[in-house]
Structure formats: C-alpha cells, structure tokens
Amino acid sequence: MSASLPHQADPPDEPRRPPEDPRHKAKRRALTLLIIVLLIGVPAGYLVISANQSRNSGKDKEAKYSATGLTSGWPSKVQRRLYQVTVPHPADRVAYYETNNWKTSRLYVQFRTNDAGLDSFLGTMGLRSDQLVKNHITIGPRDRKVSGWDFGGPGPWAGVTRRQKNPAPTQDVVVNTSDPKYPMVYVVSRTVP
C-alpha cells in the first residue's frame, strides 16, 4: 500500500475564496474559448487565404506561359531589352509571343504606329526607313506559322533584317504600309545563347 501524503493547509493570513458564481464561470470559459479560437483560427485562416492566392498566381503564370500565339499587350521591359525590340510611342495593336528552347529564343512582336514611330523604332536598331526593301518578306514560313501572321493581304510590304553576332539578337522586320499614316510593324527577334 502507498502512504498518503499530507495536504498543505491554506495560509492563515489569506481569506478563503467564496465558491465561483456560475455566471462568472461561464464568462471565464467563453473568454478562454474565444482566445483559443483566435490563436488557432486566425493563423489557419491566413494560411488558407495565402494558399489560395499562391495557387491562383500559379494558374495565371501557367496560362501565360502555356499560351500559343500572340498575346495582346506589351512585352515586359526585360524581354524588350534582351531581344532589343523597342516598341515606340505612340503604338497600338501591340501583341507579342516568346518561344524558348535550348537552341534559340525568339520574341515575336507586332504593333501599329505612325511614321515618326516607325523611324524611331528603326533608329533604335541603327536602321533607316529607306533601308526597307519593297516586297521583301524577311520573316520566314516557320516564324509566320508560329505567330499566325499572313503577309498575303493588301500591301505594300517591305522588309529588312538586322544581323548581329551571337549572343546579340538578330531581327527580321516586315512593315505593311497599306495605311501610309499608320504602318503595321512585325518583328521577329531571335537570340542564340
């Protein structure tokens, strides 16, 4: 048998507490429950919201990078700098598409601008508009198929190629001047790492 331990007596100078009121006990328990819910529920809620945002972000990126064909909008600044394609101001009907593989990376860009914008665009590549060769489509069949461009419509069409030593990009440019005030520009810039 085990020996029972003596109980400690209450201190003589402290008055004895009356039994707890049932209403006070319920309030204390409710407060304790609220604190527990807040300590567990708030972080759990934050994790659920954060996980949903992360998943949605991943879906947006997946949609962007699984796109096939041109996407309306401007290429990022990094893409424009890497491929040395400067979209002039003003420009509208801007669309782009990027492809990458272990051998060659390409950026397809199209936009409509005015004469000053075309001169500015060509000037950033060290070219002039009088260097555009009439009826010369410099963008090949493979790149036309990838981008969905068809250069068989009303023209006149003109093109030029800017060749650079690797790893600097080479650009093929085709311009449609069927509306002489607002030429439509098509560019394929490719770089070999």
Return yes or no: is Arg17 of a type in the set (D, E, K, R) and modelled with pLDDT under 85? yes
Go through (1) touching a Leu at 6+ places or on another chain (Cβ under 9 Å); (2) farther than 14 Å from Met125 by Cβ for Arg162 and report which single condition fails. (2)
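What are the residues in the range 106-138 that are of a type in the set (Val, Ile, Thr), under 27 Å from the mean Cα position of the chain (by Cα) and open to solvent by less than 50 Å² (accessible area, probe 1.4 Å), if any?
Residues of the range 106-138 that are of a type in the set (Val, Ile, Thr), as a first pass: 109, 113, 124, 133, 137-138.
Now restrict to residues that are under 27 Å from the mean Cα position of the chain (by Cα): 109, 113, 124.
Selection gives Val109, Thr113.
Could you count how many residues in the range 147-188 are β-branched (Val, Ile, Thr) and in contact (Cβ under 8 Å) with a residue 60 or more places away in the chain? Steps first, answer last, please.
Narrowing the range 147-188 to residues β-branched (Val, Ile, Thr): 160-161, 170, 173-175, 177, 185, 187-188.
Applying the additional criterion that residues be in contact (Cβ under 8 Å) with a residue 60 or more places away in the chain yields 185, 187-188.
Qualifying residue count, the range 147-188: 3.
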Could you check, for the range 80-95, whether at least one of its residues is of a type in the set (Phe, Trp, Tyr), more than 20 Å from Val192 (Cβ to Cβ) and surrounded by 11 or more Cβ atoms within 10 Å (Cβ to Cβ)? no
Answer yes or no: is there a residue in the range 144-155 that is under 18 Å from Thr113 (Cα atoms), in contact with a Ser or Thr (Cβ under 8 Å, 6 or more places away or on another chain) and open to solvent by 50 Å² or more (accessible area, probe 1.4 Å). yes
Restricting attention to the range 164-190, and to residues there that are over 29 Å from the mean Cα position of the chain (by Cα) and among the charged types (D, E, K, R), which single residue is most open to solvent (accessible area, probe 1.4 Å)? Lys165
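Every residue, every condition in (1) modelled with pLDDT of 90 or more; (2) hydrophobic (A, V, I, L, M, F, W, C); (3) in a loop (DSSP other than H, G, I, E, B), yes or no:
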| residue | (1), (2), (3) |
| --- | --- |
| Thr99 | yes, no, no |
| Lys103 | no, no, yes |
| Leu107 | yes, yes, no |
| Leu118 | yes, yes, no |
| Val160 | yes, yes, no |
| Gln164 | no, no, yes |
| Ala168 | no, yes, yes |
| Val175 | yes, yes, no |
| Tyr186 | yes, no, no |
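The values are calculated or read from the model by the stated rules, or taken from the named source; none is laboratory data. As the structure is a prediction and not an experimental result, all values here were calculated from the model. A quick note on method: Cβ atoms are made from the backbone with ideal geometry, for glycine too, and the neighbour counts reach across all protein chains shown. Heavy atoms of the whole protein, side chains included, go into the accessibility calculation; ligands, DNA and RNA do not. Shrake-Rupley method; radii C 1.70, N 1.55, O 1.52, S 1.80 Å.
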